[in-house]
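Visitor: Take this structure first; my questions come after.
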Amino acid sequence: MPTDIPADSVGLIQPQSAFFEDALPLRCGRSLSNYTLVYETYGTLNADASNAILICHALSGHHHAAGYNSIEDRKPGWWDACIGPGKAIDTNRYFVVSLNNLGGCHGSTGPMSQDPETGRPYGPDFPIIAVRDWVKSQARLADRLGIDCWHAVIGGSLGGMQALRWSIDYPDRLKGCAVIASAPKLSAQNIAFNEVARQAIVSDPDFHQGRYFDHDTRPKRGLMLARMLGHITYLSDSSMREKFGRDLRTGKLNFNFDADFEVESYLRYQGENFSDQFDANTYLLMTKALDYFDPAGDHDGDLARCLSQAHCRFLVASFSTDWRFAPERSEELVRALTRARRQVSYLEIDAPQGHDAFLFPIPEYVALIEGFLGSLANGGTA
Amino acid sequence: MRPDLDYIERWISNGSHVLDLGCGDGSLLALLRQRKQVTGYGMEIDTQNILSCVRQGVDVIHQDLNEGLDDIDDQSFDTVIMTQSLQQTHKPDRIVEDMLRIGKQAIVTFPNFGHWTVRSYLALHGRMPVSENLPYTWYDTPNIHFFTFRDFEVLCRERNIKILERTVVDRNHQANWKISLMPNLMGEIALYHITR
């Protein structure tokens, strides 16, 4: 509840929605006969539609990236720190588009939507969506908004994978591509974490093979565990130590199995909160999209060859304490890009926050994004 | 503009693919891009320098050169450049070898520790030279491997590196007759254009 909306906020924002009647063929072989995308926009599209920036969200993100949907909102959008007038992604200069991806649970067509064929919610029957499917649906949204070519497509984590996919599948439709705290594919360790999260959900007795709504219930405990696990991987060891240390909730050990330490109650709170707001089937889908992402797979594992299709300029950024997608993973991507002689800049930002750092307005990071976007506007290409 | 960049520009052919190791704020690459239509990258360790490259649209990769250039393919650049940084690396000989592995040619510039002011400072004071050109004390200097032009040329000979061209200048990047007569004594900065 911001009594006053801050001056550097995009202010009160109404989500919009676009309905698409043309079927969307998907990587899994199935297709969506029609679908809705919910999105928000910030700033103003210029006359030649050359100042549009697409924001791609990560695992648990959605369209509400900046500003407030209501004066009652306790918190602004998930990337408000970096989107707004005078911020890294300056809405005085750029027209910013942020959508909820297909398969999501914040308004775009997903497992909670009605399957036109059965008249029931899709639930577990919602097709498995791949990153390239998202990008295809985003391209259709761009058509709808009259945007031929994005000034830049930007994303962190799973969002970075979408940005990368844009550069490969629609090379002429973006000038810049910012891949932040991301990776060209998941490692076995990354997949392992996702699998534990999925098992936590599907083994919840309230999961009912994904048909939990038919039973008037939700696999809250499973989703909570999945989120608690995920949350640990988003933070660094040092940031957890800094935030919680071994602080005790009641000042003493209680010799029982309740939460003794602050970190335990924090994780429980985060998990609990998340499980109230997020759909379990969406969580399963999103983790699969992550696991399957491997653009080099279509090119005998040769990422450089795959990326030689791209024409845009790339910005790759990583964070020193991110172990979910460590700097080495970004460097893999940079190596492939330089091998393919693509235009790329790379910075590893010194930051204590772990993977979550990509959400923070760290000065060097803000300057990096701002500088990159500005250089695209100046036509700073070789 | 730094005058040494002018010299370097002459040694770069149009449209070549270059790598600038320790590229600083990107001025050399920006110049080469504008005048010689080069492609390629800078490598730099300092965040502020990286940011100024990015602002100019100069492609730059964050990299500690001491961690090696192993990841770069053989002969993947036309020219690899290193200006005024070789004396700051842990293994200068390995860097030079690597430059000629990944590049067809290399350009190296470095300060001459054989310059007469340096020699006489050490001889007279018995202390490590501190001057306008070498402003650091021995314990906080980034320059950890001092060498002279002659030292560098011995290294080239030992490693079968061919010196295509050499320019020796003073700190203002001017050449003069004293320098051409006694480069190792009178020259302050050398620019070498080398290949295998």
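Visitor: Within region A:29-37, does at least one residue satisfy the condition of being among the aliphatic types (A, V, I, L, M), free of Cβ contacts under 8 Å to residues at least 60 places away in the same chain and buried (at least 20 other Cβ atoms within 10 Å of the Cβ)?
Guide: no
Visitor: Hey, which of the helices (runs of 4 or more DSSP H) in region A:283-382, taking only ones fully inside, have at least 3 residues that are within 12 Å of chain B (Cβ to nearest Cβ)?
Guide: A:327-339, A:363-377
Visitor: Name every residue in region B:56-76 that is within 18 Å of residue A:342 (Cα to Cα) and either within 11 Å of chain A (Cβ to nearest Cβ) or part of a helix (DSSP H, G or I) (or both), in order of residue number.
Guide: The answer is B:56, B:57, B:58, B:59, B:60, B:61, B:62, B:63, B:71, B:72, B:73, B:76.
Visitor: With A:301, A:245 as the choices, which residue is farther than 30 Å from residue A:179 by Cβ and free of Cβ contacts under 8 Å to residues at least 24 places away in the same chain?
Guide: Residue meeting the stated conditions: A:245.
Visitor: Turning to a different aspect of this structure: Out of everything in region B:34-49 that is over 18 Å from the mean Cα position of the chain (by Cα) and either assigned to a loop (DSSP other than H, G, I, E, B) or closer than 22 Å to residue A:328 by Cα (or both), what residue ends up being nearest to the other protein chains (Cβ to nearest Cβ)?
Guide: B:47
Visitor: What tally of residues in region B:134-150 results from selecting those that are closer than 14 Å to residue B:114 by Cβ and more than 15 Å from the chain's Cα centre (by Cα)?
Guide: 2
Visitor: So, in region B:102-127, how many residues would count as being free of Cβ contacts under 8 Å to residues at least 60 places away in the same chain, surrounded by 18 or more Cβ atoms within 10 Å (Cβ to Cβ) and of a type outside the set (A, V, I, L, M)?
Guide: Here the count works out to 1.
Visitor: Within region B:164-182, can you find the residues that are surrounded by 14 or more Cβ atoms within 10 Å (Cβ to Cβ) and touching a residue at least 40 places away in the same chain (Cβ under 8 Å)?
Guide: Those that are surrounded by 14 or more Cβ atoms within 10 Å (Cβ to Cβ) and touching a residue at least 40 places away in the same chain (Cβ under 8 Å): B:167, B:168, B:169, B:173.
Read the figures in this text as sums done on the coordinates, not as results from a lab. This structure is a prediction, so every number in the text was calculated from the model and none was measured. Here Cβ is always computed from backbone atoms with ideal geometry, including for glycine, and neighbour counts include all displayed protein chains.
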